[in-house]
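The values are calculated or read from the model by the stated rules, or taken from the named source; none is laboratory data. Quick caveat: nothing in here was measured; it's all calculated off a predicted structure. FYI the Cβ positions are ideal-geometry reconstructions off the backbone, even for glycines, and counts take in every protein chain you see. Areas reflect the complete protein model, heavy atoms only, side chains present, ligands, DNA and RNA absent. Shrake-Rupley method; radii C 1.70, N 1.55, O 1.52, S 1.80 Å.
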Amino acid sequence: MRHLMTVGLCALATAFAAAAPANAADRAIRLTVDAGKPGATIDRHLFGQFAEQLGHGIYGGIWVGKDSAIPNTRGIRNDVVAALKAIKVPNVRWPGGCYADSYHWRDGIGPERTTRVNTAWGNVVDSNAFGTDEFMDFAQQVGAEAYISLNVGSGSVAEAQDWMEYMTADQPTTLAKLRAANGHPAPYRVAMMGIGNESWDCGGLMTPDEYTAELRRYARFVGSYNAKEPSLKIAVGPGTDDTAWTEAVMKTWKERHGWSFDIQGLSLHSYTIYDGWPPHMPSTNFDESAYAHVIKETLKMGPLIDKQSAVMDKYDPQKKIALVVDEWGAWLAPTPGTNPAFLMQQNSQRDAILAALNINIFARHADRVRMANIAQMINVLQAMILTDGPKMVLTPTYDVFKMYVPFQDATFIPVSYDAGSYVHGDTTLPRLDAIAARGKDGKLWLSLTNLDPNHPLDVDAAALGFKATSANGQTLSAPKVDSVNTFDHPRTVSPKPISGTLKNGAIVLTLPPASVTVVSLQP
Ligand code: AHR
C-alpha cells in the first residue's frame with residue numbers, strides 16, 4: 001500500500017498503515033522540493049542543549065577545575081568546548097531540570113562555596129565549584145546564549161530577583177558590584193529564563209491553578225535588570241498529552257497579560273521512553289525489534305505537538321508564545337555498573353535516527369516550536385559527548401547536530417513524497433523522513449532519513465523553482481543500528497561524503513540502511 005505524504009505541516013505518524021509490498025524495498029522514492037513556497041524560519045534555538053547539575057553532566061563533563069591535568073580554560077575542558085563550538089550550540093539550559101527547584105544561587109558564587117547534597121540526583125555532594133560565573137564563562141566560551149531555570153519550588157521571588165540582578169544589572173547596584181568583585185564587571189546576558197521546571201511533579205507537585213498563581217508573581221517581578229538585554233520568559237508547560245496544564249497557562253496569559261505580566265514561551269517536556277517507567281530499554285546490544293519500537297515511540301512527538309499547539313492556537317492564534325521543547329531525547333536504561341541516578345547511557349545509530357526525526361518534527365512546526373533543548377548535553381541521557389577522565393568521545397547524536405548546522409535559522413521549504421513502509425513484526429514505520437530548507441548561505445538543503453535498517457533507499461529528488469544538477473553532503477550510517485562510538489573506537493559511527501547526480505531531471509541519491517543524510521542541492 002502506498003502512503004502519499006505531503007510533508008509540510010502534516011503529521012508524520014498518519015503515514016503509518018499496512019505492510020509494504022515485497023518489492024517495496026527496491027523501489028525508489030520520488031521526492032519533490034517546492035523551492036517557491038518558503039515557510040517559517042527554523043529557529044537556531046531548536047538546536048539548544050540542556051546541562052543539568054546531575055551526575056557527570058557538569059562535573060567531569062564540563063568542569064575539571066583550574067588545577068586539573070586535563071587541558072582547561074579557567075577550569076572548563078578545552079576539548080569539550082571545541083567540540084561544542086563546532087555544532088554551533090545556540091543556547092544552554094542550566095542548572096536543571098529537577099535540580100533547578102532546589103538550587104540556591106548564592107551557594108555557587110565567590111571564593112567560598114557552600115557544599116550541598118544534590119537531593120534531586122543521587123544525594124551526592126555538590127561542591128558548587130561550578131556556579132553562575134563558571135556557567136556564564138562556559139556559555140561564552142562555547143558561543144551559546146544562557147537559558148537560566150529559576151527556582152520556583154523551594155526558592156522565592158526575592159531570591160530569583162537577586163539572582164537576575166547579580167547576572168544582568170548594568171548599573172552599580174550592590175549585587176552588580178558583588179559580580180564585579182567576583183571578576184565580572186560587565187553584565188551577563190540571560191537570553192531566556194524558565195519560571196520553574198516540571199512544577200506539576202519534581203518542581204513542587206502543583207496544580208495548574210497553584211502554578212499560574214506563582215507564574216504571575218515571578219513573571220511580574222523577575223526579569224533582566226538590563227533594559228538593553230531583556231530576557232524571554234518561559235512558563236512551565238505540559239509533560240504529557242493532557243492539555244489541562246496548557247489550558248490553564250494559556251488562559252491565564254490570555255486574560256491577564258499586559259504591561260505587568262507577560263510570557264514569551266511555554267515549555268513542553270517529552271522523552272522517548274518505550275514500555276513504561278522506569279526506562280529499561282538498553283542503549284547497547286539491542287535487536288531490530290527494540291530499534292523499531294523505540295523509533296515508533298519517538299514519532300509520537302509530532303501528534304503531541306499538534307495537540308498542545310491546538311490549545312495554544314485557541315488562546316494565541318498569532319503564535320506570539322513559542323512552544324519550547326526544552327527537554328527531549330531518548331531515556332534508556334542506565335549503563336550497567338554506573339550510578340542509576342546519574343542517568344548515563346550509551347548513544348547508538350538508533351539515537352542518531354531518533355534525533356533527526358525529532359528535529360524534522362520541530363522544523364515542520366517551526367511557526368510555533370521556536371526552541372528545543374535535547375537532554376542532556378554531556379554524559380547524561382541522549383548526550384552529544386561522553387567523557388571519562390581525560391578521554392572524550394563524540395556520539396552519533398553529536399554528528400546529527402553537526403550535519404544539521406545549515407538548518408539553523410534556515411527557511412523551511414515543503415517537500416512531498418510517498419514515504420513507503422518499513423515493517424518489522426507488529427511495527428510499521430515510514431521508510432523515509434525528509435525536510436528541506438533554504439539556508440542562510442542561500443543553498444537549498446535536504447535532510448533524508450532512511451529508517452529501514454535492512455535496505456538502502458534510492459531517492460529521486462526533483463526541485464520545483466530551482467535547477468539542481470547535483471547534490472553533495474554527508475551521510476551518517478553504521479554497521480548496525482546498535483553501533484556506538486567508544487573511547488577505544490571513537491569513530492565507528494561517523495559521517496561519510498555522499499553525492500547524487502542528475503538523471504531524468506531528478507537528483508538520484510542512494511541512502512544507506514538506517515542512515516541520516518544531509519546534502520545541499522547544487523545548481
Ligand atoms: O533530564 C532529567 C530530568 O527529567 C530533569 O531533571 C527533569 O526535568 C525531567 O523529569
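Worth a mention:
- Cα-centre dipole for the chain with unit charges at Cβ (Lys and Arg positive, Asp and Glu negative), debye to 20: 1460 debye
- Overall dimensions of the stretch 394-523 by Cα: Rg and Dmax, Å: 15.0, 48
- Of the residues F342, F130, ranked by 1.4 Å probe accessible area with the largest first, the sequence reads F342, F130.
- Among N339, M377, A355 - extreme Cα towards positive end, dipole of the stretch 317-403, charges at beta-carbon: A355
- Calculated mean residue ellipticity at 222 nm for the chain: -7000 deg cm²/dmol, from DSSP H runs with n ≥ 4 weighted as -39500 (n - 2.57), summed, divided by the residue count and rounded to 500.
- Computed accessible area, V124, all protein chains, 1.4 angstrom probe, square angstrom: 50 Å²
- Crossing angle, helix 208-221 versus the chain [Cα axis fit, 0-90 degrees, rounded to tens]: 60 degrees
- Inter-part distance where the stretch 352-383 and the stretch 207-255 are each reduced to a Cα centre, Å: 22 Å
- Normalising the average separation of contacting C-alpha pairs (under 8 angstrom, six or more residues apart) by the number of residues puts the relative contact order of the stretch 188-233 at 54 percent.
- Placing M377, M206 in order of accessible area, with the largest value first and a 1.4 Å probe, yields M206, M377.
- Added length on full extension, which subtracts the Cα-Cα distance from 0.36 nm per residue, N285 to K391: 35.9 nm
- Antiparallel DSSP beta bridges within the stretch 71-156, as percent of all bridges there, nearest 5: 55 percent
- Per residue, the stretch 45-181 exposes 35 Å² of solvent-accessible protein surface, assessed with a 1.4 angstrom probe and all protein chains in place.
- Dipole orientation for the chain: of the candidates W200, P230, S520, S520 has the Cα lying most toward the positive pole (charges on Cβ; Lys, Arg +1; Asp, Glu -1).
- If you wrap the Cα atoms of the stretch 289-418 in a convex hull and average its projected area over all directions, you get 10.2 nm².
- Accessible surface of I62, taken over heavy atoms with a 1.4 Å probe and every protein chain present, rounds to 0 Å².
- For the stretch 109-153 and the stretch 310-326, distance of Cα centres in Å: 31 Å
- Potential extension, A28-K320 segment - 0.36 nm per residue separation minus Cα distance: 101.0 nm
- Gyration tensor (alpha-carbon) shape descriptor, the stretch 78-126, a/c threshold 1.5: prolate
- Averaging 1/r over every pair of different alpha carbons in the chain and inverting the result gives a Kirkwood radius of 23.5 Å.
- Applying the criteria of a DSSP loop state and at most 13 other Cβ atoms within 10 Å to the trypsin sites (Lys or Arg not before Pro) of the stretch 188-253 yields K228.
- Inter-label distance, nm, simple model (7 Å from Cα along the C-beta direction), T469/V125: 6.8 nm
- Protection proxy ranking of 495-508, 414-427 - average other beta-carbon atoms within 10 Å, highest first: 414-427, 495-508
- Cα-based helix-to-principal-axis angle, 301-315 vs the chain, degrees rounded to 10: 60 degrees
- Residues within the reach of a label modelled at D262 (point 7 angstrom out along Cα to beta-carbon, backbone nitrogen below 15 Å), restricted to the stretch 318-354, are 318-322.
- Based on protein heavy atoms only, the stretch 196-270 ends up with 46 Å² per residue of surface accessible to a 1.4 Å probe.
- Measuring r between the beta carbons of A213 and R116 and using R0 = 35 Å, the FRET efficiency lands at 0.80.
- Reach of K443 by Cα under 16 Å, taken over aspartates and glutamates that are not fewer than 8 positions away in the same chain: D34, D409
- Shape call, the stretch 82-240: gyration tensor on alpha carbons, a/c limit 1.5: rounded
- Surface share of carbon and sulfur [accessible, 1.4 angstrom probe, percent] for the stretch 136-274: 51 percent
- Accessible surface of D482 - all protein chains present, 1.4 Å probe, nearest 10 Å²: 20 Å²
- Flagged links, alpha-carbon separation over 26 Å, of K37/K320; K233/K391; K85/K503; K66/K402: K233/K391; K85/K503; K66/K402
- The chain: relative contact order as a whole-number percent, Cα under 8 Å and 6+ apart: 21 percent
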